[in-house]
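Chemist: The structure under discussion is supplied below as structure tokens; questions concerning it will follow.
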Amino acid sequence: MKALDILYVDDDEDIRHIVRLSLSLDPAITLRIAGSAAEALALLDRGRLPDVALLDVMMPGRDGLSLLADLRARPATAALPVIFMTAKGRPADVELYRARGALGMILKPFDPLDLARQIRARMDPILDESG
């Protein structure tokens, strides 16, 4: 199984904890977590680029869509794969996320035992291309 470095951004501490526990089941995943868009950008500024960013859509202040716009505006993160994790999963929402450049979305509530597989399923085409 290929190593996967993930940045997860969510304002809900309980959800962050569940995601941390869930993804710890996959020993090939490295996880960094941020509680806000500002914290995520600061992590990216001082660390290595992750393989993928998982973004909550609904956050106070700057939401996931505005964070995605910030990522696309920065040369270092312009091509960073993004997956939204959200309760907003209507077909029109999914179309919007994809139109903004996201790989797709994972619907909340999610199955903690299946989260790593869902992320890998969306990342496999990208990981296969990169070798």
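Values in this text are rule-based calculations from the coordinates and carry no lab data. Here the structure is a predicted model, which means the values were calculated and not measured. Neighbour counts are summed over all protein chains in view; Cβ atoms, including those assigned to glycine, are modelled from backbone coordinates with ideal geometry.
Chemist: Which length gain, in nm to one decimal place, applies between Glu95 and Leu25 when the Cα-Cα distance is subtracted from 0.36 nm times their residue separation? Kindly include the intermediate steps, with their values, before the conclusion.
Modeler: Working: separation 70, 0.36 × 70 = 25.20 nm, distance 3.06 nm.
22.1 nm is the gain from fully extending Glu95 to Leu25.
Chemist: Report the residues of the range 34-66 in range of a label on His17: point 7 Å along Cα→C-beta, backbone N strictly under 17 Å from it.
Modeler: 34-35
Chemist: I need Arg98, Arg122 ordered by Cβ neighbour count within 10 Å, fewest first.
Modeler: Going from sparsest to densest Cβ surroundings: Arg98, Arg122.
Chemist: Just grab the label-to-label distance for Ala79 and Ser66, each label 7 Å out from Cα along the Cβ direction, in nm (one decimal).
Modeler: Taking the simple label geometry, Ala79 and Ser66 are separated by 2.9 nm.
Chemist: What does the highest-first list of 81-88, 44-51 look like by mean Cβ count within 10 Å?
Modeler: Ranked from most to least packed, the peptides come out as 81-88, 44-51.
Chemist: Quick one: check the C-alpha center-to-center distance for the range 1-53 versus the range 95-127, whole angstrom.
Modeler: Each part reduced to its Cα centre gives a spacing of 14 Å.
Chemist: Can you tell me which of Arg16, Arg90, Arg62 moves the most in a GNM of the chain? Springs connect C-alpha atoms under 10 Å apart.
Modeler: Fluctuation is largest for Arg90.
Chemist: Which residue fluctuates the most in the chain, going by a Gaussian network model with Cα springs under 10 Å, if the choices are Leu67, Leu96, Leu55?
Modeler: Result: Leu96 has the largest fluctuation of those listed.
Chemist: Let me ask you something else. Check which residues have an amide H placed less than 5 Å from Met85's amide H, if you skip close sequence neighbours.
Modeler: Hits under the 5 Å cutoff: Leu55, Asp56, Val57, Ile106.
Chemist: According to the Kirkwood expression over distinct Cα-Cα pairs, how big is the hydrodynamic radius of the chain, in Å? Spell out each step's value before the answer.
Modeler: Numbers: mean 1/r = 0.0682 Å⁻¹.
With all distinct Cα pairs of the chain included, I get 14.7 Å.
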